[in-house]
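Before any comments, here is the structure.
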Amino acid sequence: MIAGFIAYAGEIHEPAHLVDGGVLAQYAWLIPLVPLVLMFAIVFFGKRLPYKGWELAEASMLFVAIYGVALLVMNANEGITHEGSIEIARIGSYTIEWGWVVDGLSIMMYAVVGVVGLAVFTYAKGYMEGDSRYTWFFAAFTLFAGAMLVLVSSANMIQLLVGWELVGLASYLLIGHYWEDHSNNAAAIKAFLTNKIADVGLVIGVIIVGVTVGSFRFGDILSAVSAGDSALAQVAFWAGLALFIGAMGKSAQFPFHVWLPDAMAGPTPVSSLMHAATMVTAGVYLLGRMFPFYQSDLFAADVKTWIIIIGSITLFAMGLLALVQDDLKRVLAYSTVSQLGYMTVAMGAGAYTAGLFHLFTHAFFKGLLFLCAGSVIHAVHSNNMSDMGGLRKPMPWTYRTFLAGSLALAGIFPLAGFWSKDEILASISYDAGHGGGAIASVVLWIAIAGAFVTAFYMARAVYLTFFGEYQGQAHPHESPRVMTYPMIGLAGLSIVGGFVNVPGLFTGFTEWLAARPLPMGDHHAESIDFALAATGLLVALAGIAAGTRVWRRDAATQRERDRFRVPLLYPLLEHRYFVDDLYRVALTDPIKGPVARFIDWTNTYVIDAVVNAFGAVAKGLARVVYGGFDQRGIDFVVNAVAGGTNEAGEMLRRTTTGRVQQYAGALFGGAVLLVVGLLIFT
Amino acid sequence: MEMFDGGWGLSLIVFLPLVGAGLVLLLPKRQESAAKAIALLFTLGSLGASVLAVVRFDFDATEQFQFGTDLSWISAIGSRYHIGIDGISMPLLVLSTLMTVLAIVYSWNHWPEPHNPKAFLVLLLLLATGMNGTFVALDLVLFFIFFELVLLPMYFMIGIWGDRTKIRLPGFRREVETRLYASIKFFLFTLFGSAFMLLGFLALYFKSDPHTFDMARLAEAGQMGLFDGTFGAWVFAALFLGFAVKVPMWPLHTWLPDAHTAAPTVGSVLLAAILLKLGSYGFIRISLPILPQQAQDWAPVIAVLAVIAIIYGSLACLAQTDLKRLIAFSSVGHMGFVMLGISTLTDVGINAAVIGMVAHGVITGMLFFLAGSMQHRYHTREIARLGGNMKLMPVIGGLLAFTAMASLGLPGLAGFWGEFMALLGSFNPLDGLSLTVFRSAMVAGAIGTVLTAGYMLWMLQRVNLGEPSDEWSGHDLHDADGFELAAWVPLVVAIFAIGVFPKIVFGATNDAVSELVRRAFGG
């Protein structure tokens, strides 16, 4: 196996001090493998263990977290790039490989998946206590994280596809965890199929790029980009668009966003991991992995216009939807879609670091917010904010951590979200002046307006949940420590996580991410644009102020809904812009119903009618020619079988084989005649 | 070990089941256990010999026919007993011997009515000889005999042990029993196809000089251009009919849903796992090498029909109310991917076709086993009456979910490689083929995977999930028993192993396919 390790041998431009990473990088294939192996261990032995398999799941995340952080620290000292591959099969001129990439981008993802995963898995022990499929849950949960690690560690596009779809499978299993209720199954299927539709794009993109370059390795593909490969340049637009469609599915970009809010049907820890570290980040990750391909003018740079437009629609339109939700998890879900829009916009603006930086900070505060939501739901036995209110006092730690997460998400100085959102605003502003043109200028305003909406709906969530009078029936209480500690840990990261990248002061994160074999060609701010930062901050504060004004006083009463009944807009938001309905009415219902039934009808009444008519004609001819031979033969079979005598099989075998031999004999003779004729006439 | 070098190892694989059939036939009818034991022993012998063949197989020369025997047989027409396997037929041969053993293990205590294990086993063993023989035959007459030999046992299996419910069919005045309609339709449909196929074989024989039925020599002649022109076009069309019915390709597929639905469980399993492959194998082994020029002319047609099959089959699946019929229709779509791979005439596409055939064999075979076991317990196949199966039978339900995931082409399981590589092949078909047609086919095929996922997931939701209906409360619904698990575990392992490590198949096929493509199309 050691012979299979192939270190990356490409040219290295920048930064100059990249190293191979040594043993730690060579064994990085363990990062996806350990969770996958432990997943099987949980399935087969989990129930017999003292903690019913949770300990194995937790161990796998602990392993990934330690490994990921160790690599992160190493990478912070000296940039690492390492690529290893083992051949799995050859097919024609293509090689199918299992590979692992250890570079700035994948290391960041390992660390995020490991750390957030560790927090969520710990929390889930408390949250899932008493669940009837406890062991199975942790098996699927470990698969979820393991599949994401397969995805981010992949050194080639086929493996990426494998991880990509396995993430989809795990999400299907977890969203439909409570499968006794068909509405959960519907949500699970919606998630799987929406992703599968977008995956058509990914599959086509992978095929176009892989076949054109002749290799599926990211290393080879990006080298071809850097060398200006003309064959790849010719197909680059379509390939780039197809890959972006794949990314839109996983990262829930409009119009593929519909699955994510419904995915709330799964247990809350699933939502937490799904929205923070695994699954929805996959699309942004893919754009990051292929970044030079989109950045270079020779290649898919034209697609960036689409990326920035789709991202900006998503970030604003979906943010508004968060305003009208009563289900706390749905508020957070639409918020995630909106934040993913920010990341996508950054990628479209050519800002690799900014987009992934927001992915990094968002993972902490969104993971945290979902854990807090789970803690609240656990306490009040309802997802709806109309059953909450006033929880600040009975649940102090949940309140404090939720507040920290909300402020971070709203982008309040100096919490994590402030820094990453500012970086995105700065990058759009830069793009507006350097090739992005009018579109980027408009998008900048949309992004700033989005910041207001973000702060506004988070203020609403905080007030409706934690302020005012308690509206529910159950007796709320603070969650056990196994749940609050992970929340506190993530709250800490949500507060300080942004300091890893302060333009002009400490640009660690930028350098960590730049540890790639080839330069990314992105742009990032060298110093803080104080005017823009202040604008962003003021807009966010204005959002909070507005939220306070609207929801502070009589929070958590049904009257809050009425305050927002803006004509036209409110019905539009309440029906989610009718996008879900449109898909149902125009796509799934017709295909499942009339179209499928029509196809089945043609099978019986068109194709088979021809077949049966053919049979009838042949039978009629036979009756004429052979005087009922055929008829008697078939009737004989019918009678013999219907009689059900013990010897039916034997008799049939003897008698009818005789007939068939005669038939075959005649057939053979006829065939010879026909062939002779054919030979004479051709 | 000597037997393979001596050249009779393959004959052992083919004829051991036939010998077993003879012995079972001699037994008194009452001695059921003895009949089962003999059948199992002889098919195990056949499986063991095929495993030994794999062990002894020279993987550095997969493009050559190994363990060959070439004896004079019917000298009057120059037909010879010529057999051998290369990297393309080897995986299919192993699949065939394995599925036969599993079928016998499964049927150990699952006998369809009207019982009579003796007759059933004789037919099964006969079927095994036909299937194994088709994959080793290198002479067209021999191929035809084995190909047709398969027909009879399956006809009786469906006709005698099949589904007895009466159905009303358009164009029939009275209601007919499903099994009778299905078995006769299956028989005549296939015979119709193979009559043309035989015609094609004879035409090739008479055209070749000296007259021969030998595949290798015909391929050489064909690649020299002997069969070009109108003659070749007619011959290709004739062979196409024979193989396309068997695959089955749209619109010649309508025997399949009826036959699969009506057949007893084991019959459906073997029908799906092996019999369909005889058609696609025929394309790869006979049509492409012998008639390369016509293959290139026909390739776009095959590609279009394959894509129609993918979309049509998947949409038809969405409308099914019968679990077994749904699985049957899924074969139409899956074999569409196999044919799409073949139609690209590239090494990638044909490799995809072979792994797709193997994967479809284990996956759909497994699905039919499961459907059979569920029918055995619920006494219905109606999807609307099922539901909550996961609660009632967690093992069978779990396996159904696993296999359905494999069937929808989940990466990491066997079904993925055939689909993905077929799409990859159609992005870049053989030089000279229409890029527009094949790239459109790629997109349509990729959309087909969405529909496949759709019907599989909706099937799972309605059958496996939710709360079980009250109808089943109080019924004794036992979960999988030992014989069932013994038959299924090897398939689960295979589905997983091929998915994770496709070299199991590609390792054998790759060089063989590349050489075939190079010789036939110079690619």
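Going residue by residue through the range B:239-262, is there one that turns out to be in contact (Cβ under 8 Å) with a residue 40 or more places away in the chain, within 25 Å of B:R518 (Cα to Cα) and touching a strand residue (DSSP E or B) at 6+ places or on another chain (Cβ under 7 Å)? So far as the range B:239-262 goes, no, none of its residues is in contact (Cβ under 8 Å) with a residue 40 or more places away in the chain, within 25 Å of B:R518 (Cα to Cα) and touching a strand residue (DSSP E or B) at 6+ places or on another chain (Cβ under 7 Å).
Only residues that are within 14 Å of chain A (Cβ to nearest Cβ) and either closer than 23 Å to A:R133 by Cβ or not β-branched (V, I, T) (or both) were counted in the range B:432-479, giving 28. Candidates in the range B:116-134 are the residues that are over 9 Å from B:V14 (Cβ atoms) and either within 9 Å of chain A (Cβ to nearest Cβ) or of a type in the set (S, T, Y) (or both); of these, the one that is surrounded by the most Cβ atoms within 10 Å (Cβ to Cβ) is B:T134. When the range A:225-245 is filtered for residues that are surrounded by fewer than 22 Cβ atoms within 10 Å (Cβ to Cβ) and small (G, A, S), the ones remaining, listed by number, are A:S226, A:A227, A:G228, A:S230, A:A231, A:A233.
A quick yes/no check of all residues on (1) more than 25 Å from A:A247 (Cβ to Cβ); (2) within 11 Å of chain B (Cβ to nearest Cβ):
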residue	(1), (2)
A:E129	yes, no
A:W136	yes, yes
A:K196	no, yes
A:V203	no, yes
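All of (1) within 13 Å of another protein chain (Cβ to nearest Cβ); (2) in contact with a helix residue (DSSP H, G or I) (Cβ under 8 Å, 6 or more places away or on another chain) hold for B:T403 with one exception: (1). Does the range A:130-139 include one or more residues that are out of contact with any helix residue (DSSP H, G or I) (no Cβ under 6 Å at 6 or more places or on another chain), closer than 29 Å to A:P486 by Cα and surrounded by 24 or more Cβ atoms within 10 Å (Cβ to Cβ)? Yes.
The residues of the range A:471-503 that are β-branched (V, I, T) and assigned to a helix (DSSP H, G or I), listed by number, are A:V482, A:T484, A:I488, A:I495, A:V496, A:V500. You will find that of A:I158, A:I221, the residue that is at the interface with chain B (Cβ under 9 Å from one of its Cβ atoms), touching a Phe, Trp or Tyr at 6+ places or on another chain (Cβ under 9 Å) and either farther than 20 Å from B:W417 by Cβ or in contact (Cβ under 8 Å) with a residue 12 or more places away in the chain (or both) is A:I158 and no other.
Checking each residue in the range B:244-281 for being among the β-branched types (V, I, T), outside any loop (DSSP other than H, G, I, E, B) and more than 20 Å from B:V101 (Cα to Cα) picks out B:V245, B:T261.
Results for (1) modelled with pLDDT of 90 or more; (2) within 20 Å of B:F402 (Cα to Cα); (3) not in a loop (DSSP other than H, G, I, E, B), shown as yes or no for each residue.
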position	(1), (2), (3)
B:A446	yes, no, yes
B:M459	yes, yes, yes
B:R462	yes, yes, yes
B:E471	no, no, yes
B:H475	no, no, no
B:H478	no, yes, no
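B:R168 satisfies every condition listed in (1) under 26 Å from B:L71 (Cβ atoms); (2) within 14 Å of chain A (Cβ to nearest Cβ); (3) of a type outside the set (G, A, S) except (1). Restricting attention to the range B:131-170 and to residues that are among the acidic types (D, E) and not in a strand (DSSP E or B), the residue that is modelled with the lowest pLDDT turns out to be B:D163. Residue count for the range A:380-421, restricted to those that are assigned to a helix (DSSP H, G or I) and either buried (at least 24 other Cβ atoms within 10 Å of the Cβ) or modelled with pLDDT of 90 or more (or both): 23. Of all residues in the range B:224-237, those satisfying the criterion of being surrounded by 14 or more Cβ atoms within 10 Å (Cβ to Cβ) and more than 9 Å from chain A (Cβ to nearest Cβ) are B:L226, B:F227, B:D228, B:G232, B:A233, B:F236, B:A237.
Could you count how many residues in the range A:224-248 are of a type in the set (A, V, I, L, M) and either without any contact (Cβ under 8 Å) to a residue 12 or more places away in the chain or outside any helix (DSSP H, G or I) (or both)?
Summing the residues that are of a type in the set (A, V, I, L, M) and either without any contact (Cβ under 8 Å) to a residue 12 or more places away in the chain or outside any helix (DSSP H, G or I) (or both) in the range A:224-248 gives 2.
Of all residues in the range B:45-84, those that are part of a helix (DSSP H, G or I), crowded, with 17+ Cβ neighbours inside 10 Å and touching a Ser or Thr at 6+ places or on another chain (Cβ under 9 Å) total 4.
For the range B:222-230, the count of residues that are in contact (Cβ under 8 Å) with a residue 24 or more places away in the chain and assigned to a helix (DSSP H, G or I) is at least one. Of the residues making up the range B:171-215, those that are aromatic (F, W, Y), part of a helix (DSSP H, G or I) and within 11 Å of chain A (Cβ to nearest Cβ) are B:Y181, B:F187, B:F189, B:F192, B:F196, B:F201, B:Y205, B:F206. Scanning the range A:196-230 for residues that are modelled with pLDDT of 90 or more and under 25 Å from B:F438 (Cα atoms) yields a count of 23.
The helices (runs of 4 or more DSSP H) falling completely within the range A:258-337 that include 2 or more residues that are closer than 24 Å to A:L513 by Cα map to A:268-276, A:280-289, A:291-295, A:303-322. Checking each residue in the range A:536-588 for being at pLDDT 80 or above and not in a helix (DSSP H, G or I) picks out only A:H575. Look at (1) surrounded by 14 or more Cβ atoms within 10 Å (Cβ to Cβ); (2) more than 21 Å from B:L98 (Cα to Cα) and you find that B:I38 fails only one, number (2).
Only a single criterion out of (1) in contact (Cβ under 8 Å) with a residue 60 or more places away in the chain; (2) of a type outside the set (S, T, Y); (3) surrounded by fewer than 20 Cβ atoms within 10 Å (Cβ to Cβ) is not satisfied by B:L204, namely (3). Flag set for B:L413, criterion: touching a Gly at 6+ places or on another chain (Cβ under 7 Å) and either in contact (Cβ under 8 Å) with a residue 12 or more places away in the chain or more than 13 Å from chain A (Cβ to nearest Cβ) (or both).
Scanning the range A:164-185 for residues that are in contact (Cβ under 8 Å) with a residue 40 or more places away in the chain, assigned to a helix (DSSP H, G or I) and surrounded by fewer than 23 Cβ atoms within 10 Å (Cβ to Cβ) returns A:S183, A:N184. On inspection, A:S271 does not qualify as at pLDDT below 90 and small (G, A, S). Only one of the listed residues (A:I607, A:I591) is under 25 Å from the mean Cα position of the chain (by Cα), among the hydrophobic types (A, V, I, L, M, F, W, C), in a helix (DSSP H, G or I) and at the interface with chain B (Cβ under 8 Å from one of its Cβ atoms). That residue is A:I591.
The values are calculated or read from the model by the stated rules, or taken from the named source; none is laboratory data. Quick caveat: nothing in here was measured; it's all calculated off a predicted structure. All Cβ positions, even for glycine, are placed from backbone atoms using ideal geometry, and neighbour counts span all protein chains on display.
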